[in-house]
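A.B. asks: Here you go, one structure.
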Amino acid sequence: MGQTTSQNVPVKSSTVENPDWTAVTSAVQESVVAIQVESQGGGAEGSGVVLDSEGRVLTNNHVVAGAETVQVTLSDGRVYEADIVGTDPTTDLAVVQLNDPPSDLKPAKFADSSDVVVGEPVMALGNPLGLANTATTGIVSALDRPVTASAEDGSDQVVTNAIQIDAAVNPGNSGGPLFNASGEVIGITSSIATLSSGMSSGSSGSIGLGFAIPSNQATQIGDQLKADGTAEHAFLGVSLQDATATADDVTRRGAGVVEVTPDSPAGKAGIQQGDVIVAIDGAPVNGSASLTAFVREKEAGDESVLTVVRDGNTQEVTVTLAVKEESATQDQGQQNQGQQDQQAPDPGSGSGSDQSAPNNIPDWMQEWFGNQG
């Protein structure tokens, strides 16, 4: 018994203007798997997407971290034992390898996530709450949304400029693909926002605020994990805090430089303490988490142009990013804990965040299911 398919990706009958989710689901469902793990802490479930015909599957690190056994179930019900090829807590991504994979695996096709736009239709497919082969649809609600969560091992923080979606995503969707209207993967679903227990509704499931790791970052890290089980990360070499800066009679949000590491990319480029970085490669930076996430999307050796406000004047500084060799607790040195995107919620404090911030997520929404399958 093997898999069969009658659709190819991209699905020609499905467009952004008129998505055909029936055709898309038929075309992509064989590329999506359910993952069950057993560890000392018990069992957990998640989702994954087939990377290649050799049996490698991309998922979230928090789905498989600490697993003693990993089982992968294909869409037709066939079950395979799997080994962990590599994990990357910094980006919350992992690759597992099926043992004796079948010859009819159908790898997913990945799209360029830089082409994603707000408002376009999307479909999440995965294993929410153990309900395999579940499809949910919605739209892209926002792009470059800074999302911060604790890494599985507690030694680092996962900071992602995520694709925000309103398609229903629940525990178990973690590691599953987010598809565009053509059936191409544009992201890996990784977290949701839920109402805290202190809110009157007490909702702990999807409230229409889901987040996905963009496909460009996912494939970059996935390729590294496939190659040697590890991933390198670019770093800038600064300690940051949320800040504002005024230049040309305009006040902007940005990432304030608290400290510069000597001989780091930032130090060599002339970044100074007190600078406020308001953009990177033309993309607005709305705080320390935003800049951290942008840097983590880059590769070592990449050149980036930072827009810096210094002493009331705006200037552009070119930096060449280097490999981050240490596994420090923060990407940019010891990153200062800034505002809402980096604080643990205080259910008793109400919403203490700045509602005017363009990338603001209220404190009471910041309960990520990052450690749930």
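The values are calculated or read from the model by the stated rules, or taken from the named source; none is laboratory data. Since we're looking at a predicted model, the values are computed, not measured. Here Cβ is always computed from backbone atoms with ideal geometry, including for glycine, and neighbour counts include all displayed protein chains. Please note that ligands, DNA and RNA were not included when accessible areas were found on the heavy atoms of the full protein model with its side chains. Shrake-Rupley method; radii C 1.70, N 1.55, O 1.52, S 1.80 Å.
A.B. asks: Determine if the stretch 190-209 includes at least one residue that is in contact with a Lys or Arg (Cβ under 9 Å, 6 or more places away or on another chain), open to solvent by 10 Å² or more (accessible area, probe 1.4 Å) and over 18 Å from residue 291 (Cβ atoms).
C.D. replies: Among the residues of the stretch 190-209, not one is in contact with a Lys or Arg (Cβ under 9 Å, 6 or more places away or on another chain), open to solvent by 10 Å² or more (accessible area, probe 1.4 Å) and over 18 Å from residue 291 (Cβ atoms), which makes the answer no.
A.B. asks: Looking only at residues in the stretch 214-223 that are over 18 Å from residue 139 (Cβ atoms) and touching a residue at least 60 places away in the same chain (Cβ under 8 Å), which one is most open to solvent (accessible area, probe 1.4 Å)?
C.D. replies: If we take residues in the stretch 214-223 being over 18 Å from residue 139 (Cβ atoms) and touching a residue at least 60 places away in the same chain (Cβ under 8 Å), then 216 is most open to solvent (accessible area, probe 1.4 Å).
A.B. asks: In this structure, is residue 172 open to solvent by less than 10 Å² (accessible area, probe 1.4 Å) and on the phi > 0 side of the Ramachandran plot?
C.D. replies: For residue 172, the condition - open to solvent by less than 10 Å² (accessible area, probe 1.4 Å) and on the phi > 0 side of the Ramachandran plot - is met.
A.B. asks: Here's another thing I want to ask about it. Just for strands (runs of 3 or more DSSP E) wholly inside the stretch 35-138: which have at least 3 residues that are surrounded by fewer than 24 Cβ atoms within 10 Å (Cβ to Cβ) and modelled with pLDDT under 95?
C.D. replies: 42-50
A.B. asks: Here's another thing I want to ask about it. Restricting attention to the stretch 327-346, does a residue exist that is within 26 Å of residue 219 (Cα to Cα), out of contact with any Gly (no Cβ under 9 Å at 6 or more places or on another chain) and at pLDDT 50 or above?
C.D. replies: Checked against the condition, which is being within 26 Å of residue 219 (Cα to Cα), out of contact with any Gly (no Cβ under 9 Å at 6 or more places or on another chain) and at pLDDT 50 or above, the stretch 327-346 yields no hits at all.
A.B. asks: May I pose another question? Within the stretch 21-57, which residues are among the polar types (S, T, N, Q) and closer than 30 Å to residue 120 by Cα?
C.D. replies: Those that are among the polar types (S, T, N, Q) and closer than 30 Å to residue 120 by Cα: 22, 25, 26, 29, 31, 47, 53.
A.B. asks: Let me ask something else about it. If I filter the stretch 15-25 for residues that are open to solvent by less than 40 Å² (accessible area, probe 1.4 Å) and among the aliphatic types (A, V, I, L, M), do I get at least one hit?
C.D. replies: yes
A.B. asks: List every residue pair whose Cβ atoms sit under 7 Å apart, with the two residues 6 or more apart in sequence or on different chains, where the first one lies in the stretch 281-303 and is within 15 Å of residue 256 (Cβ to Cβ) and the second, anywhere, is assigned to a loop (DSSP other than H, G, I, E, B) and open to solvent by 50 Å² or more (accessible area, probe 1.4 Å).
C.D. replies: Hits for this filter: 286/358; 287/339; 288/336.
A.B. asks: What pairs can you find where one residue is in the stretch 228-252 and over 20 Å from residue 314 (Cα atoms), the other is hydroxyl-bearing (Ser, Thr, Tyr), and their Cβ atoms are less than 6 Å apart, with a gap of 6+ or different chains?
C.D. replies: Hits for this filter: 233/90; 237/261; 237/264.
A.B. asks: Right, another one. Cβ-Cβ under 6 Å, sequence separation 6+ or interchain: first residue in the stretch 29-56 and free of Cβ contacts under 8 Å to residues at least 40 places away in the same chain and over 16 Å from residue 190 (Cα atoms), partner of a type in the set (A, V, I, L, M) and assigned to a loop (DSSP other than H, G, I, E, B). Which pairs?
C.D. replies: Listed by first residue and then by second, the contacts come to 39/67.
A.B. asks: Further, regarding this structure: Assess whether residue 158 counts as being more than 18 Å from residue 172 (Cα to Cα) and part of a strand (DSSP E or B).
C.D. replies: Considered against the rule, which asks whether it is more than 18 Å from residue 172 (Cα to Cα) and part of a strand (DSSP E or B), residue 158 comes out as yes.
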